[in-house]
Amino acid sequence: MRMKMSCKQSLLSPAIACVLVAMYGAPAHAGDIDPSGLVQAETHQQFIVHVRAGSQLSGDDSAMQAALDHAGSRLRIVTGGARLLRRMAVGPAVVRAGHPLDRAEAGAWMAAVASDPDVTHVQLDRIMKVALDPDDPRLREQWGFSTSTASLNVRPAWDKATGAGQVVAVIDTGRTRHPELDANTLPGFDFISDGGMAGDGDGRDDNPDDAGDSQWGQPSSWHGTHVAGTVAAATNNGQGVAGTAFDAKLVHVRVLGKGGGYSSDIADGMVWAAGGDVRGVPHNRNPAKVLNLSLSGQGPCDRVSQAAVDSAIGHGATVVVAAGNNNADVSRFTPANCRGVVAVAATTSRGARAGFSNHGKGITLSAPGDNILSTLNSGRTTPGAPTYAAYNGTSMAAPHVAGVVALMQSAAGGKLSPEQVVRILTATARPLPGSCREGCGAGIANADGAVGKAMEAGIR
């Protein structure tokens, strides 16, 4: 096992590290574990197990279950009987304990599973949260679409491209019905596998409607509806708000519910959105060239998330991710710290970094994310009437950039590779007129400049 932990040097608390060191040695043939998420919650119940390619565990579900039973029997703790839930699109298996395990129990169980010679890696199936900082009711204007130096500079870009012919996947809480969104919405999918978290009475299905994420007396966020409006709300229709790429189409991939969403569901949703295959799920007939993930969790980019990002990029999709709202270095937050993503920080109407926004060398570029007016739903817990509201967050910044990418692909006839998209975004970004000493990437996304360069690239 490549687990080099001691009671003094560990990503875990000293107590948990000591438990693992005491219980398990490090046989050379065994796999390793990623303990980085254990300290983020008091208990853990769901895990992701990577197995050796071509081994019996890689294709035989009964063999995998037997291995899980064997690992549990070696421990002096009761796991409640871990069971195999499913195989992921990127290869590993999702496993759930019979009841929540405390940090030490979860770490010990992961080490026990990793000691199997056919297991290469064990990680937590971490729960991600929406990257949202809600604010007061709606503003009178969408300053991000203004002509100021702090804006997205999108109005002149609309003379060149509108997003026509492009699909943007909103990997989020799902959709609600809204007159500004319905005409631009294509069939999506609900990837939330936990029925309680989904809140709609079932697990995965072809209905991506947002049932609400209300918990503990708090109202539902309708987060996916807000994000979708920033990407592609209907425009020049005499009502409501505008969208960045208002002629693009939206595919809602529901991965966040009550309490957030599992990494495994998010990863499968990413693969599917970009056109990859997920076991037991019909193929996506409308693969997206742009994936928007306005969600965040603390810790390094785990193997499953990186594999999903790699798969999406391999299918030609640009992966746009919210940097997170912790006023901290983005290197500590996933999936914004995954290799190959476009990590987006949030700026204010003065062109400075928003005080809540993550920052640092890992930021690709920035976009408006403070007091952003967009589509919403009026229901407190379950869906009600369509409405509008202003939110704060890097969740609001990311869809501005996703919309810009849709404009770019529309202008270039869909010919741009994800690598070209990143190069153009960073080369054309405008300097922040305000302050960001901590690092906000190449600057503020410049829709007009990016679309112009995309048109040139599409002609070649």
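Could you go through region 286-294 and let me know if any residue there is more than 25 Å from GLU419 (Cβ to Cβ) and out of contact with any Lys or Arg (no Cβ under 6 Å at 6 or more places or on another chain).
If we filter region 286-294 for residues that are more than 25 Å from GLU419 (Cβ to Cβ), which is where we start, we get none.
For region 286-294, residues more than 25 Å from GLU419 (Cβ to Cβ) and out of contact with any Lys or Arg (no Cβ under 6 Å at 6 or more places or on another chain): absent.
With the requirement that a residue be of a type in the set (Ser, Thr, Tyr) and either outside the structural domain of ALA367 (by TED's automatic domain parsing) or in contact (Cβ under 8 Å) with a residue 12 or more places away in the chain (or both), what does region 147-162 give you? Passing the criteria: SER148, THR149, SER151, THR162. Of all the criteria given as (1) more than 21 Å from ILE171 (Cβ to Cβ); (2) buried (at least 21 other Cβ atoms within 10 Å of the Cβ); (3) not polar (S, T, N, Q), the one not satisfied by ALA402 is (1). Inside region 285-303, residues that are outside any loop (DSSP other than H, G, I, E, B) and within 19 Å of HIS50 (Cα to Cα) make up a count of 1. Among the criteria (1) modelled with pLDDT of 95 or more; (2) touching a helix residue (DSSP H, G or I) at 6+ places or on another chain (Cβ under 6 Å), the one THR120 does not fulfil is (2). Restricting attention to region 243-284, the residues that are touching a Pro at 6+ places or on another chain (Cβ under 8 Å) and either part of a loop (DSSP other than H, G, I, E, B) or at pLDDT below 95 (or both) add up to 3.
Which residue, of ALA411, ALA445, is surrounded by 20 or more Cβ atoms within 10 Å (Cβ to Cβ) and at pLDDT below 95? Steps first, answer last, please.
Details: ALA445 fails: at pLDDT below 95.
Testing whether each residue is surrounded by 20 or more Cβ atoms within 10 Å (Cβ to Cβ) and at pLDDT below 95 leaves just ALA411.
For beta carbons closer than 6 Å, sequence separation of 6+ or different chains, a first residue in region 316-330 that is outside the structural domain of VAL344 (by TED's automatic domain parsing) and a second that is surrounded by 24 or more Cβ atoms within 10 Å (Cβ to Cβ), there are no qualifying pairs. Examine region 191-208 for a residue that is buried (at least 24 other Cβ atoms within 10 Å of the Cβ), touching a His at 6+ places or on another chain (Cβ under 8 Å) and either touching a residue at least 40 places away in the same chain (Cβ under 8 Å) or among the charged types (D, E, K, R) (or both), and state whether such a residue exists. Yes, there is a match, as at least one residue in region 191-208 is buried (at least 24 other Cβ atoms within 10 Å of the Cβ), touching a His at 6+ places or on another chain (Cβ under 8 Å) and either touching a residue at least 40 places away in the same chain (Cβ under 8 Å) or among the charged types (D, E, K, R) (or both).
The values are calculated or read from the model by the stated rules, or taken from the named source; none is laboratory data. Predicted, not measured: the structure shown is a model, and the values here were computed from it. Reconstructed Cβ throughout: ideal geometry from the backbone, glycine too, with neighbour counts over all protein chains shown.
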